[in-house]
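**Q** Here it is: the structure, laid out below.
The values are calculated or read from the model by the stated rules, or taken from the named source; none is laboratory data. None of the values given here were measured: they were computed from a predicted structure. Reconstructed Cβ throughout: ideal geometry from the backbone, glycine too, with neighbour counts over all protein chains shown. With ligands, DNA and RNA removed, areas are computed over all heavy atoms of the protein, side chains included. Shrake-Rupley method; radii C 1.70, N 1.55, O 1.52, S 1.80 Å.
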Amino acid sequence: PPHRHSIHANYLPYDTRSIVQFKPTVTPIPSNPLHTTPHRHTTPPHRHTTMSKAAANARTYPKGLVTDFRQMQPQKLFDYVEYFSVSIRPDAPAPELACNVASHFLALDVDEEAVLGGFLRTCDGEKDYENDNKVIINTVPSVQAHKRKRAKTAARPGEQVAAKVSRSDENGSWILASVQSYSRDSESYDVQDEDDITKLIRLPYTNVMRLGNGTEIFRKGSPCMAIFPETTSFYKAVVSKAPVWRVDRQGNPICSELILKFMDDEDESGKTPHRRVPSRYVIQLPELYFEDYTAL
C-alpha cells in the first residue's frame, strides 16, 4: 500500500478563522406519498358458477374491488367487523362475512385530500392521523427522529475512529483519527488526524466509522478494511485465516487479532504475505457499514 504522505495533499488543514465543512447527506422524506388505502379499479372478480349451501345466503360479492376479502382468514374479517361495527348475522358463514366486509369497505366515503394531508403531517413529525372514517395512517419517522437515532450511535469525543479525509476513493483514503465533537443538527464530526493534531477537520456522518471491539464476526474470506502495520492508514484486505476466539470475563466471545492479506501487498515473488492486525483496527467496508444509514 502507498505511504501516508501520498494522501497528505488531500488533507483539509485547520484554519482558525473557519472550518471547511462538507454538506451532510440526508435522505429526504418522499414528497409525493402514496395513498395508503387499497386501490380500487373496475375489473370485476371472477364469477363462481357453483356455490355451497352455506354461501347461498350470502349477498353477491361487490364488483370493482381489487382486494379479495374472501381470501382472508375469518378472524381477520371478524376484526374488521368489530372495529367498524359492521352489522352481520351471528351465524354468518365465511362467504357471507366476506361479502359484508367487502360491501362496507367499498361504501366507505374516504376523503382522499384529508388522508393525504394526514400522511404529510405525520411526515413532519406530528401525531398519528385518524379521519372520520377511521382510516388510520401509520406514523412515518421524521427527519429529526432519524437524526436522534444517528446521534445515539455516533462516536463520542476522544474516541478513535476511521475517517475519510480525502475526496478521492482510492485505497488508503481512510485514516486513524480522534473525535473532538459531533453535531446532531448538521450530522457532522470535528476530528483530528492522529498523526497531526494541529489539523481539525470537519466531516459528514458518512465519512466517519467507529472502530471494532473484537466482537464483530469476521470469517475466513471476509472483505474488510484494516490499518496496515506500522501506519495509521486503513487499506482494503481479506481475512486470510480463520479467527481465533476466546471468552472474556463476561463470558462473551472475543477475538484479539485477525490475520489478513492486504490488497496490492505482493512481495518481489508476487506472493501476498499474511499480516496480523489487532481486531480493533479491522472494520467493515464503508458500503456495508453505512448500509443501514443510507436506507433511512
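**Q** Any idea which residue in the range 236-273 is modelled with the highest pLDDT, counting only those that are surrounded by fewer than 21 Cβ atoms within 10 Å (Cβ to Cβ) and closer than 22 Å to Ser166 by Cα?
**A** It comes out as Lys236.
**Q** Condition first: part of a helix (DSSP H, G or I) and buried (at least 16 other Cβ atoms within 10 Å of the Cβ). Now tell me which residues in the range 79-93 satisfy that.
**A** Answer for the range 79-93, where residues must be part of a helix (DSSP H, G or I) and buried (at least 16 other Cβ atoms within 10 Å of the Cβ): Tyr80, Val81.
**Q** Also: Filter the range 227-252 down to residues that are more than 30 Å from the chain's Cα centre (by Cα), part of a strand (DSSP E or B) and among the hydrophobic types (A, V, I, L, M, F, W, C), then give me how many there are.
**A** So the count comes out to 1.
**Q** So, Pro223, is that one surrounded by fewer than 18 Cβ atoms within 10 Å (Cβ to Cβ) and either more than 30 Å from Asn252 (Cβ to Cβ) or without any contact (Cβ under 8 Å) to a residue 40 or more places away in the chain (or both) or not?
**A** In short, no.
**Q** Could you look through the range 180-220, keep only residues that are among the hydroxyl-bearing types (Ser, Thr, Tyr) and touching a residue at least 60 places away in the same chain (Cβ under 8 Å), and pick out the one that is least open to solvent (accessible area, probe 1.4 Å)?
**A** Checking each candidate, the answer is Ser188.
**Q** Among the numbered conditions (1) at negative phi; (2) over 25 Å from the mean Cα position of the chain (by Cα); (3) open to solvent by less than 50 Å² (accessible area, probe 1.4 Å), tell me where Gly172 comes up short.
**A** Condition not satisfied by Gly172: (1).
**Q** Next question. Has the range 141-152 got at least one residue that is assigned to a helix (DSSP H, G or I), at pLDDT 80 or above and over 30 Å from Arg202 (Cβ atoms)?
**A** No, every residue in the range 141-152 fails to be assigned to a helix (DSSP H, G or I), at pLDDT 80 or above and over 30 Å from Arg202 (Cβ atoms).
**Q** Condition (residue is more than 22 Å from Glu170 (Cβ to Cβ) and not hydrophobic (A, V, I, L, M, F, W, C)) applied to the range 223-239: is it met by at least one residue?
**A** Looking through the range 223-239, none of the residues is more than 22 Å from Glu170 (Cβ to Cβ) and not hydrophobic (A, V, I, L, M, F, W, C).
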